[in-house]
Structures are given as structure tokens and as C-alpha cells.
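The values are calculated or read from the model by the stated rules, or taken from the named source; none is laboratory data. Bear in mind the structure is a predicted one, so any value in this text is a computation, not a measurement. Counting neighbours? That spans all protein chains shown, and the Cβs are built from the backbone with ideal geometry, glycine included.
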């Protein structure tokens, strides 16, 4: 079932066409004050960061605000980024921390209907598949703990490797594997997690 999610969502690799050397060049140019390079970095990474945050918050407006705040924080510290590593992992980490801080300050959550966070519909089969995938993610949001949902989304929604998900989530690879296993078991059983 989770395979359907990873095949219907475009992967981070598909969306981010820049190689690491191109990323490094864009980062260096942006640090030097090149506005076009900064806009290109936002263009390349906005969508995966927004989708990640949208899945965490369940609210498009909050996700957009948190995504914007993520980029503001990233650009303030861009001169300290390790350009030998994928920039997306660093951005996911900033986004996760920013979203968690947002959750701490906000008490009330209103669920966003899955169709509001989904992409525009294409052919009929794509729409049906998307509805099925959204149903799986909606169930995951209901039954999994925040940590389990986040790790599952990084692994299968954003198609990150275990090591990349561990880096983005600030956890060990063993922790990621354990959380993914538990999340899958809970989804299959349909039991809610209260941890």
C-alpha cells in the first residue's frame, strides 16, 4: 500500500534537478548576494518543503507560513551550510523544527480535507489513485503518533533513504527503521498511537 504513495508522488529527486555541484554553486552565489540564485533555490525546494510541512500540519495556510519561515531561517544561515551534503536534508530539518515550534505555540488544529492539500487533478486514473493515496495518508495522520507520521512521510512521501530521513528528522537510522516498522504495523491494525 505504501508503494502506491511513493509511486504516485513525484520524488524529491525528480523535482530537484540540480546536482550537488549546481546546488553548491547556487548556495555560494546566494551567499554572495545573487538574488537570482536565491530565487532558484526557493524554486527548486519550495514544493517538497511545503508538502512535508502540509502533511505535518494538515493546514495549507500554516504550511505556507512555516515554509516561508523555513526559507527565511535557511537564508540567514546559508553561509554555514555544508554544501557537500544534499541541501534538501538541511531544509527538511529546519522545516521540521519550525513546524514543531509552531505546534507548541498553537493549541487548536483544524483538519484540512485531503483534497485541499493535493495537487490539481489529472486524468481519471490519477485522480482515483491520488484519492486512495490521500486516504492512506489521512488514516496515517489519525492513527500514528507525530514522530511515526513524520518519519513515514519522509521515507515514503518524500522518498528519502533511511539515512536521509534520519538526518532530516534528527534521529538515528535505527530509530527511523523502528518507527517505520511500528507505523506500518499500526496502519495495518488501524490502532491509534497515544505516544
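Scanning the range 1-28 for residues that are part of a helix (DSSP H, G or I) and either at pLDDT 90 or above or closer than 28 Å to residue 134 by Cα (or both) turns up 2, 3, 4, 5, 6, 7, 8, 12, 13, 14, 15.
This table checks each residue for (1) surrounded by 17 or more Cβ atoms within 10 Å (Cβ to Cβ); (2) free of Cβ contacts under 8 Å to residues at least 12 places away in the same chain; (3) in a helix (DSSP H, G or I).
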| position | (1), (2), (3) |
| --- | --- |
| 43 | no, yes, yes |
| 46 | yes, no, yes |
| 52 | yes, no, yes |
| 56 | yes, no, yes |
| 64 | no, no, yes |
| 67 | yes, no, yes |
| 73 | no, no, yes |
| 79 | no, no, yes |
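Looking for something assigned to a helix (DSSP H, G or I), modelled with pLDDT of 80 or more and closer than 15 Å to residue 52 by Cβ - is there at least one such residue anywhere in the range 102-112? Yes, the range 102-112 contains a residue that is assigned to a helix (DSSP H, G or I), modelled with pLDDT of 80 or more and closer than 15 Å to residue 52 by Cβ.
Select from the range 81-91 the residues that are under 10 Å from the mean Cα position of the chain (by Cα) and at pLDDT below 90 and write down the one among them that is surrounded by the most Cβ atoms within 10 Å (Cβ to Cβ). Explain how you work it out, then say what you get.
From the range 81-91, those under 10 Å from the mean Cα position of the chain (by Cα) are 88-89, 91; that's our starting set.
Add one more test, that the residue is at pLDDT below 90, and what stays is 88-89.
Numbers: 88: 24, 89: 20.
Selected residue: 88.
Just one residue in the set 138, 99, 168, 146 is closer than 19 Å to residue 50 by Cβ, out of contact with any helix residue (DSSP H, G or I) (no Cβ under 7 Å at 6 or more places or on another chain) and at pLDDT 80 or above; that residue is 146. Considering the conditions (1) assigned to a loop (DSSP other than H, G, I, E, B); (2) modelled with pLDDT of 80 or more, residue 154 is excluded by exactly one of them, (1). Taking the range 157-179 as the range and being over 17 Å from residue 97 (Cβ atoms), within 13 Å of the chain's Cα centre (by Cα) and assigned to a helix (DSSP H, G or I) as the test, only 157 passes. For the range 183-193, the condition of being at positive phi and modelled with pLDDT under 85 holds for at least one residue.
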